[in-house]
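The values are calculated or read from the model by the stated rules, or taken from the named source; none is laboratory data. Computed from a predicted model, the values in this text were never measured in an experiment. Don't worry about glycine lacking a Cβ; one is built from the backbone with ideal geometry, like all the others, and counts go over all protein chains shown. All accessible areas refer to the heavy atoms of the entire protein, side chains included, with ligands and DNA or RNA removed. Shrake-Rupley method; radii C 1.70, N 1.55, O 1.52, S 1.80 Å.
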Amino acid sequence: MPYWLYITILVLIAYVAISIALYYLQDYMLFKPEKLPEDFEFNYENQAFKEYNLETRDGAIINGVRFFPKGESKGVVLYLKGNSKSIKGWGKFAVDFTRHGYNVLMVDYRGFGKSTGRRSQKAIKRDLQKVYDKIKELTTEDRIILYGRSLGSGFAAKLASMNQPKMLIMDAPYYSLTKVTARYAPFMPLSILIKYPLPTYKWLKYVQCPIHIIHGTNDKLIPYKTSVKLSKVNPKLTKLHSVIGGGHKNLNNFESYHKMIHEILNRVPEEIDLSTTSIHVKHTSKKSNTEV
């Protein structure tokens, strides 16, 4: 056997082996769950909360916690967390919304915390739609806000595309999970291998509520330019909020982030009479030495 053919066969075998490993191991690479025993008792300092369990049609249990604001509620924020740990720790972030008068519902995906069931993209989407439907039994859709953090941003976009919530907020979103993975495995056939493509950009096209995208300019995991690109998918409804210097996991440590949340939740949309503005004024094409 010629040496070049021998090397080619070895490379092909290695390529196929890596592809197979990537397919079967991607759940372990993508999800970093913290599992909790059934009798675990949640404890959140200075927060009023109640635990819930929702049984799905395939017998899985989706565990969640609802946090209550002080005083009258303005609505419900369905908070879809990232790919790590459980709501045991994520619950600390509920204060960013309860302080504004909103109930916050956080749920653990299958295999996280106390939630059970076999995980798949289809199953998670189905679970979250059922959670959303349960919220609709308690309040009207114009009082429901979807907040997706990192991994949760794609699922939040999907929910928003299938329903009519008050608004969609995406924190450090990705264009698609296939695109994120391609940065680390550029030569692999990811369109075939990835079980969780999560094409956020496709779902955003069908969202009909206001869309707010929050992203740190120094995010190394999901680059800021991703949100710039996403903001152009449904531009009439989208506003991009930039946290200068923010990374992927530390936006809550920036004062600007909390100012953005305050503005998004409390600002009354302002109608502008464009006929009174300069929107149709065009710059002259003639060069001028005095224009700067």
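Could you tell me whether Ala156 is out of contact with any strand residue (DSSP E or B) (no Cβ under 8 Å at 6 or more places or on another chain), open to solvent by less than 10 Å² (accessible area, probe 1.4 Å) and not in a loop (DSSP other than H, G, I, E, B)? Please lay out each step first, then the result.
Numbers: out of contact with any strand residue (DSSP E or B) (no Cβ under 8 Å at 6 or more places or on another chain): no; open to solvent by less than 10 Å² (accessible area, probe 1.4 Å): yes; not in a loop (DSSP other than H, G, I, E, B): yes.
Spelling it out, it is not the case that Ala156 is out of contact with any strand residue (DSSP E or B) (no Cβ under 8 Å at 6 or more places or on another chain), open to solvent by less than 10 Å² (accessible area, probe 1.4 Å) and not in a loop (DSSP other than H, G, I, E, B).
Go through region 159-192 and give me each residue that's in a helix (DSSP H, G or I), at pLDDT 95 or above and either surrounded by 21 or more Cβ atoms within 10 Å (Cβ to Cβ) or of a type in the set (A, V, I, L, M) (or both).
Residues satisfying the conditions are Leu159, Ala160, Met162.
Checking the condition over 29 Å from Leu177 (Cβ atoms), free of Cβ contacts under 8 Å to residues at least 12 places away in the same chain and open to solvent by 70 Å² or more (accessible area, probe 1.4 Å), which residue from Glu41, Glu55 passes?
Numbers: Glu55 fails: over 29 Å from Leu177 (Cβ atoms).
After ruling out the rest, the residue left standing is Glu41.
Return yes or no: is Lys249 surrounded by fewer than 18 Cβ atoms within 10 Å (Cβ to Cβ) and modelled with pLDDT of 95 or more? Working first, answer last.
Working: surrounded by fewer than 18 Cβ atoms within 10 Å (Cβ to Cβ): yes; modelled with pLDDT of 95 or more: no.
So Lys249 does not fit the description; no.
Please go through region 95-116 and pick out each residue that is open to solvent by 20 Å² or more (accessible area, probe 1.4 Å) and under 16 Å from the mean Cα position of the chain (by Cα).
Hit for region 95-116 is Leu105, nothing else.
Going through region 138-153 one residue at a time, which ones are touching a Lys or Arg at 6+ places or on another chain (Cβ under 7 Å) and either on the phi > 0 side of the Ramachandran plot or open to solvent by less than 10 Å² (accessible area, probe 1.4 Å) (or both)?
Once the filter is applied, which keeps residues that are touching a Lys or Arg at 6+ places or on another chain (Cβ under 7 Å) and either on the phi > 0 side of the Ramachandran plot or open to solvent by less than 10 Å² (accessible area, probe 1.4 Å) (or both), region 138-153 yields Ile144, Ile145, Gly152.
Mind telling me which of the residues Lys70, Lys92 ends up being surrounded by fewer than 17 Cβ atoms within 10 Å (Cβ to Cβ) and under 19 Å from Leu151 (Cα atoms)?
Values: Lys70 fails: under 19 Å from Leu151 (Cα atoms).
Going through Lys70, Lys92 in turn, the sole match is Lys92.
So if I check each of Lys232, Lys220, which one is at pLDDT below 95 and either assigned to a strand (DSSP E or B) or not β-branched (Val, Ile, Thr) (or both)? Step through it out loud before you land on a result.
On the way: Lys232 fails: at pLDDT below 95.
The conditions single out Lys220.
Pick from region 126-137 the residues that are open to solvent by 60 Å² or more (accessible area, probe 1.4 Å) and of a type outside the set (Asp, Glu): which of them is nearest to Leu177 (Cα to Cα)?
Filtering region 126-137 for residues that are open to solvent by 60 Å² or more (accessible area, probe 1.4 Å) and of a type outside the set (Asp, Glu), the one nearest to Leu177 (Cα to Cα) comes out as Arg126.
Looking at this structure, is Arg119 closer than 20 Å to Thr200 by Cα, over 16 Å from the mean Cα position of the chain (by Cα) and surrounded by fewer than 23 Cβ atoms within 10 Å (Cβ to Cβ)?
Spelling it out, Arg119 is indeed closer than 20 Å to Thr200 by Cα, over 16 Å from the mean Cα position of the chain (by Cα) and surrounded by fewer than 23 Cβ atoms within 10 Å (Cβ to Cβ).
Does Lys239 satisfy being surrounded by 13 or more Cβ atoms within 10 Å (Cβ to Cβ), within 17 Å of the chain's Cα centre (by Cα) and closer than 23 Å to Tyr206 by Cβ?
yes
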